[in-house]
Amino acid sequence: MNCHSATSCAATREGAVALLGNPNVGKSVLFQRLTGRYATVSNYPGTTVEIARGVSSAFDGVTVLDTPGLLTLPAHGDEEKIAARILLEEPVRAVVHVGDAKNLRRTLLMTVQLAEMGLPMVLALNMMDEAEAHGVRLEPDVLAERLGLPVIPTIATTGQGIERLQCAIGEARSAKSPLTYPAALESELDSLVEVLPPASISPRGLGLLWLCGDPVTEDWLRARLDEPQMLGLVAGRRGAAAALRGLPADVVQGVRSAFVDRLMAQASAEGYVSSQGVTASLTRLTIHPLWGWPILAAVLGGLYAFVGIFGAQTLVGWIEGRLFGETINPWLASWVARLVPIDWVVDLIVGKYGLWTMGMTYALALILPIISTFFLAFSLLEDSGYLPRLAVLSHRVFRAMGLNGKAVLPMILGLGCVTMATLTTRILETRRERMLAVLLLALAVPCSAQLGVVMGMLGAVSFGATLIWVGVMLAVLVCVGWLAAKLVPGERSTLLIELPPLRRPVASNVVVKTAARLEWYLKEVVPLFLLGSILVFVLDRVGVLDVASRWAEPVVTGWLGLPPEATLAFLMGFLRRDFGATGLFALQSQDLLTPLQTVVAMVTITLFIPCVAAVLMIARERGWRMTLAMTAFIFPFAFAVGGGLRLLLHAAGWT
Amino acid sequence: MNASKVTCPLCGHRFHSEARSVCGACPLAKGCEFICCPACGYQIPDTERSLIGRWLAAGFRRRATPDAAMPQTLADVPAGWSARIADTGGASAPRHQQLRAYGLEALTWVRVIQHRPVTVVAVAGTELALEAELARRVVVDSLRP
């Protein structure tokens, strides 16, 4: 398609271009293609839980919105409601419905629904390569004609069809509603058109959302209508249900399904054929009740070898021991001492608790190599589509904790960053489930930096020490989860999750995602590590560190049985637990920790709240009251478990 | 046992599983994992109480060939078989709508891949995992290998 100028084709409406569609259909990749702005892309539903905004140069600075996946309207979970609100509350000049070409039926069901809203719209049939690989043959022109809107086949990962899509967005127009519902419903819709307040979508689309019981629409209407008007709407909906002898949502869905079936028969030359071969077999084996476990063990073993041994021992040994310890730090220390005449400034920069010797060395020499290897391995796992398959294997464990297997996603993402994983708990359906998941994340899921330090320290002790740490963390997770599930009122929702196919990760996406995360890490962590260094330096200078050490001695040396120097690490752990863990790493490097002390210290600090950013995120998602309650529980609990473990291991003969 | 009525495999007598009319006189009744037929005394494993009995019974059920004419739920369809959906209305309203959005609606054929640890089904290009509790709410009316 030859588009002379995307800008000249642009629609005259005001507002943004919104990318909407089912979860895991490639909206974020399209967003990148249209705006050039990076958005995290993975092979599992729920990667996007907030709206991302970017500016498209092809449309003369028009904003493009990347939205969370929307499975159904009425919207259910929090992230679906965010996407649904776009339609009602955001001025939208055009909607790009991104659909999975190999799941044509599901795609068209949503297309029909969006078309009824009267917004200028384009259908991007994405993943055409996968559809063709599965034998699906489509007639986009037939679809376009029957739906009355542009239908553009795309392969977002390679950029195929993007230029045509840009042109089509510029020329997008409102599609005609192709459906007629039973008389009782049409009559109620006609009445609604008279009373509904003006919205960015058509009155008919708004009326259908209301009749189908969409909670976002209900909230939107309640904010604009008075109580008698709302009562009138409710009565009308009840009347329609009585006349239809069923829920309007079911009747509407039935009409849409019948239309889509007819459309499929005309526009789909050949249907989906299940794939065979090695990938298909591996896909099955990853969720097999027996073989799924050895595969999981192999994946975890590979992760441990790459991050725990190669990253935390080999790379750190080289960078921290040789590069920083033998070359950079001594050289810098001598230069600063020569150039700066004030002693305390020299100490602040290259002293025991100096900005460079502590803050930057911790961040760059100890943590950076570890999280680089972790983020790389994690990106590969994310893009392979393996992670959601763990929902199948882990469901029973999460069931005991009042959750379902879907909770494995935020838990595993927590291994990358607990703060971001707290946001991902939005994919869980009930408030109770989100609260339980946030508590478990804050308590017993170590983030990448923490995990790397733990692997490095415990790997240096013995594999048994690592197993004890893993065992304690899992026991805490299950026991606290089980107890919290008993105490928190409410019911568990049943598991229903889509399992995306295993895919070969695209190298460019893995590299870009790893680099973006490392950039974020450096921006987030380095300032906090520097701040922590200054704090420790000041506390040391004014003598508070000694007082705090003496004050904390009964707990740190008495109860946990650690050397007095470990007090400083735990104080740093209140700021960021990986900062504290790195302090313990430094103690171990100086042979100040025995194997028993190393295990106890690692368990205790892992059970700390992750960091200040995580606290702020928990407060944003769950409120300050719950955040304070969690904090008040977690810190004493961490010391109680650490001390209890010390007694147990001591009794078992550990020293 | 799920069924309120039990048929004795030895004498064919049908009785309520919870009646336990003969248990009162038995000194081993406390913690017993059997149901005794009140007519002949035959011991039938109580799969509600016996963990091992439940696992083994579930294993044998999976190997059984289903009666293609008998309406049942998705949870009863053996792995590797396809089933035609009759109704998903037994699920909660949100789940019902989500199942329909995924393509699990009346007259659609789905293939059951496995039941353990959770039920996994394939419908067109989508693979879905759903737990047994939800699979039991999806009624099917026809099966094929």
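Would you mind listing the helices (runs of 4 or more DSSP H) fully within region A:147-228 where at least 1 residues are of a type in the set (Ser, Thr, Tyr)? First the steps, then the outcome.
Values: elements: A:162-170, A:183-195, A:203-211, A:215-222.
Hits in region A:147-228: A:183-195, A:215-222.
Identify the residue in region B:123-139 that is more than 7 Å from every other protein chain (Cβ to nearest Cβ) and part of a strand (DSSP E or B) and, among all such residues, is modelled with the highest pLDDT. Full working, then the answer.
Of region B:123-139, the ones more than 7 Å from every other protein chain (Cβ to nearest Cβ) are B:123, B:132, B:135-139.
Within this subset, residues satisfying the condition of being part of a strand (DSSP E or B) are B:123, B:139.
Details: B:Val123: 89, B:Val139: 93.
Once the filter is applied, the top-ranked residue is B:Val139.
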- request: Answer with yes or no whether A:Leu477 is buried (at least 18 other Cβ atoms within 10 Å of the Cβ), under 30 Å from B:Ile113 (Cβ atoms) and either more than 17 Å from the chain's Cα centre (by Cα) or modelled with pLDDT of 90 or more (or both).
  value: yes
- request: Please tell me if A:Leu366 is touching an Asp or Glu at 6+ places or on another chain (Cβ under 9 Å), assigned to a helix (DSSP H, G or I) and at pLDDT below 90.
  value: yes
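Condition check: assigned to a helix (DSSP H, G or I), loosely packed, with under 14 Cβ neighbours inside 10 Å, hydroxyl-bearing (Ser, Thr, Tyr) and at pLDDT below 90. Does A:Thr327 satisfy that? I'd like the intermediate steps shown before the answer.
Details: assigned to a helix (DSSP H, G or I): yes; loosely packed, with under 14 Cβ neighbours inside 10 Å: yes; hydroxyl-bearing (Ser, Thr, Tyr): yes; at pLDDT below 90: no.
It is false that A:Thr327 is assigned to a helix (DSSP H, G or I), loosely packed, with under 14 Cβ neighbours inside 10 Å, hydroxyl-bearing (Ser, Thr, Tyr) and at pLDDT below 90.
Just checking, which of A:Leu165, A:Leu108 is crowded, with 21+ Cβ neighbours inside 10 Å, within 30 Å of A:Leu206 (Cα to Cα) and within 13 Å of another protein chain (Cβ to nearest Cβ)?
Numbers: A:Leu165 fails: within 13 Å of another protein chain (Cβ to nearest Cβ).
Of A:Leu165, A:Leu108, the one residue that is crowded, with 21+ Cβ neighbours inside 10 Å, within 30 Å of A:Leu206 (Cα to Cα) and within 13 Å of another protein chain (Cβ to nearest Cβ) is A:Leu108.
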message: Please list, ordered by residue number, the helices (runs of 4 or more DSSP H) wholly in region A:573-655 having 3 or more residues that are surrounded by fewer than 17 Cβ atoms within 10 Å (Cβ to Cβ).
response: A:612-622, A:624-651
query: Could you list, in sequence order, the residues of region B:108-118 that are assigned to a strand (DSSP E or B) and either within 9 Å of another protein chain (Cβ to nearest Cβ) or among the small types (Gly, Ala, Ser) (or both)?
result: B:Arg111, B:Ile113, B:Gln114
- line: Exactly one of A:Val193, A:Val216 is within 14 Å of another protein chain (Cβ to nearest Cβ) and either surrounded by 14 or more Cβ atoms within 10 Å (Cβ to Cβ) or within 29 Å of A:Val122 (Cα to Cα) (or both), and that one is A:Val216
message: Please determine whether any residue of region A:292-307 is within 14 Å of chain B (Cβ to nearest Cβ), outside any helix (DSSP H, G or I) and surrounded by fewer than 12 Cβ atoms within 10 Å (Cβ to Cβ).
response: no
- request: Provide a single number: the residues in region A:485-513 that are crowded, with 18+ Cβ neighbours inside 10 Å, modelled with pLDDT of 90 or more and more than 10 Å from chain B (Cβ to nearest Cβ).
  value: 1
field: Those residues of region A:62-84 which are β-branched (Val, Ile, Thr) and more than 20 Å from A:Leu104 (Cα to Cα), in sequence order
entry: A:Val62, A:Thr63, A:Val64, A:Thr67, A:Ile82
field: For A:Val142: the one exception among (1) β-branched (Val, Ile, Thr); (2) away from chain B (no Cβ under 12 Å); (3) surrounded by 23 or more Cβ atoms within 10 Å (Cβ to Cβ)
entry: (3)
field: Residue tally, condition surrounded by 23 or more Cβ atoms within 10 Å (Cβ to Cβ), assigned to a helix (DSSP H, G or I) and more than 11 Å from every other protein chain (Cβ to nearest Cβ), over region A:66-85
entry: 3
task: Of the conditions (1) more than 25 Å from A:Arg434 (Cβ to Cβ); (2) of a type outside the set (Val, Ile, Thr); (3) touching a Cys at 6+ places or on another chain (Cβ under 6 Å), A:Pro610 clears all except one; give me its number.
output: (1)
- request: Kindly establish whether A:Leu114 is within 14 Å of chain B (Cβ to nearest Cβ), at pLDDT 90 or above and either surrounded by fewer than 21 Cβ atoms within 10 Å (Cβ to Cβ) or in a strand (DSSP E or B) (or both).
  value: no
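The values are calculated or read from the model by the stated rules, or taken from the named source; none is laboratory data. No experiment lies behind these values; they were computed from the predicted model shown. A quick note on method: Cβ atoms are made from the backbone with ideal geometry, for glycine too, and the neighbour counts reach across all protein chains shown.
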